[in-house]
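Take a look at the structure set out below.
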Amino acid sequence: MSYVFHRMPKKTLPVAVAGDGIEIVDSAGKRYIDASGGAAVSCLGHSHRRVVDAIEQQARQLAYAHTSFFTTEAAEALAERLVVTAPAGIGHAYFVSGGSEAIEAALKLARQYFVEIGQPARKHFIARRQSYHGNTLGALAIGGNAWRREPFLPLLIEAHHVSPCYAYRDQLPSETEEAYAQRLADELEHKILGLGPDTVAAFVAETVVGATAGAVPPVRGYFRKIREVCDKYGVLLILDEVMCGMGRTGHLYACEEEGVSPDLLTIAKGLGAGYQPIGATLVSDRIYEAIVGGSGFFQHGHTYIGHATACAAALAVQRVIEEDDLLDNVKARGEQLRATLRERLGDHPHVGDIRGRGLFVGVELVLDRASKVPFDPRRKLNAGIKQEAMARGLMVYPMGGTIDGRQGDHVLLAPPFICTPNDVDCIAERLCD
Ligand code: PLP
């Protein structure tokens, strides 16, 4: 009997009592390789000495100061670090406590920006199907899985959806990457024109799609074409890098590889690596200046924004990533992991696709490789995979297919950036044998 309201109360969970590098240890002493970083969070593994020391030092000195009274050295230093390394045009960081909050802030910043500049008719948000942006009401409304929204529909803001960039399923055999990207950009343009260009506030997309589809990178040139369409109609581009950002793809920001700068960029999981709950919405100069030069006040906020201990933890995490050259390791180990999985699973009759970037790796499972028909979601293949992996001492992040058959079950792997070649072999062994 547990007094915790667990999300799946009928399931009995092991009790995690310790973290040790890439492993978590339960109360029975069993060790689990954290090959998914929880949900792509624990990018430095567990109990990292330098991060723990930074948290202890900050908590001793000043754990928390409310942001309506003070700023703190930790928040200022973290914001500077993020902005200096961010894509062009980003000038400020708005801190929150997690991914959904970062998205809520981005939606409200976009809306308030248009109010400030005298375009209050801009209220529509366009996002993509097969995307996940969080579980708070705004984030849920723009999220791309209808089944998640369904029970809450009467509570949600109106949002609009276009196709994701999902080459494995949707790129036609006769289509080049460029033609496919153009078709998707045309679809967005058509949607903007249908809604009325002067009524659209922003287009929201995950740079590399995470949990809902399993580490799906865009085809080359897709985001440049999307940026062009947004610019043509004065629509803001919000990139959600809550899961794929902060080094997960081998670049600090996944959009670096796309050659585009968003107007708003959300980050969270890898920012604090699970050591403290923290996220941020990175804000372009033009949005910041419109608000500062307009009402001078962002009409939003939470008690824990800019939490000093959370900022100190995130700062330490980001310093470790830089000082230990971990982005190079992410690229090398990611290549190794994909190559090993292709070697071991490439001919498997139920493995449709092995993909991803850096240490953000997805394996899509299908009933039939030729037709790409997914398994019946009622079979709950994903739950079975998770259970079997846990029995083998391996944490992976599987997700189910959808009823409309637009995507199959998949397994998401997001091991810590500190993993060694031997760790990658162990992960592949436990998953594939
Ligand atoms: N955006 C993306 C891309 C995510 O993957 C997630 C969480 O998985 C979120 C937003 C929501 O983040 P959180 O669970 O921290 O609220």
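The number of residues in the stretch 265-290 that are more than 20 Å from Thr249 (Cα to Cα), buried (at least 24 other Cβ atoms within 10 Å of the Cβ) and within 12 Å of the ligand (Cβ to nearest atom) comes to 0. Can you tell me how many residues within the stretch 36-86 are without any contact (Cβ under 8 Å) to a residue 24 or more places away in the chain and either of a type in the set (Lys, Arg) or crowded, with 23+ Cβ neighbours inside 10 Å (or both)? Residues flagged as without any contact (Cβ under 8 Å) to a residue 24 or more places away in the chain and either of a type in the set (Lys, Arg) or crowded, with 23+ Cβ neighbours inside 10 Å (or both) within the stretch 36-86 amount to 2. When Lys30 is tested against the conditions (1) closer than 17 Å to Cys426 by Cα; (2) within 26 Å of the chain's Cα centre (by Cα), the lone failure is (2). Of all residues in the stretch 251-265, exactly one satisfies the criterion of being of a type in the set (Ser, Thr, Tyr) and farther than 20 Å from Gly356 by Cβ, namely Ser261. Among the conditions (1) farther than 23 Å from Ala273 by Cα; (2) in contact with a Pro (Cβ under 8 Å, 6 or more places away or on another chain), His350 misses just one, which is (2).
Selection of helices (runs of 4 or more DSSP H) fully inside the stretch 315-433 by the criterion of at least 3 residues being hydroxyl-bearing (Ser, Thr, Tyr) returns nothing. Has the stretch 111-122 got any residue that is in contact with a Phe, Trp or Tyr (Cβ under 7 Å, 6 or more places away or on another chain) and surrounded by fewer than 22 Cβ atoms within 10 Å (Cβ to Cβ)? Yes, that holds for at least one residue. Residues in the stretch 394-431 that are of a type in the set (Gly, Ala, Ser) and surrounded by fewer than 16 Cβ atoms within 10 Å (Cβ to Cβ): Gly405 only. Might you let me know whether the stretch 116-139 holds any residue that is in a helix (DSSP H, G or I), within 25 Å of Val283 (Cα to Cα) and more than 16 Å from the ligand (Cβ to nearest atom)? Yes; the residues of the stretch 116-139 include at least one that is in a helix (DSSP H, G or I), within 25 Å of Val283 (Cα to Cα) and more than 16 Å from the ligand (Cβ to nearest atom). Would it be correct to say that Leu252 is in contact (Cβ under 8 Å) with a residue 40 or more places away in the chain and more than 15 Å from the chain's Cα centre (by Cα)? When the stated conditions are applied, Leu252 does not pass them. In the set Arg379, Arg319, Arg392, Arg338, only one residue is more than 20 Å from the chain's Cα centre (by Cα) and without any contact (Cβ under 8 Å) to a residue 24 or more places away in the chain; that residue is Arg379.
No value in this document is a laboratory result; all are computed from the given coordinates. In this text, all values refer to a predicted model and were calculated from it rather than measured experimentally. When we count neighbours, we look across all protein chains shown, and the Cβ atoms used for this are built from the backbone with ideal geometry, even at glycine.
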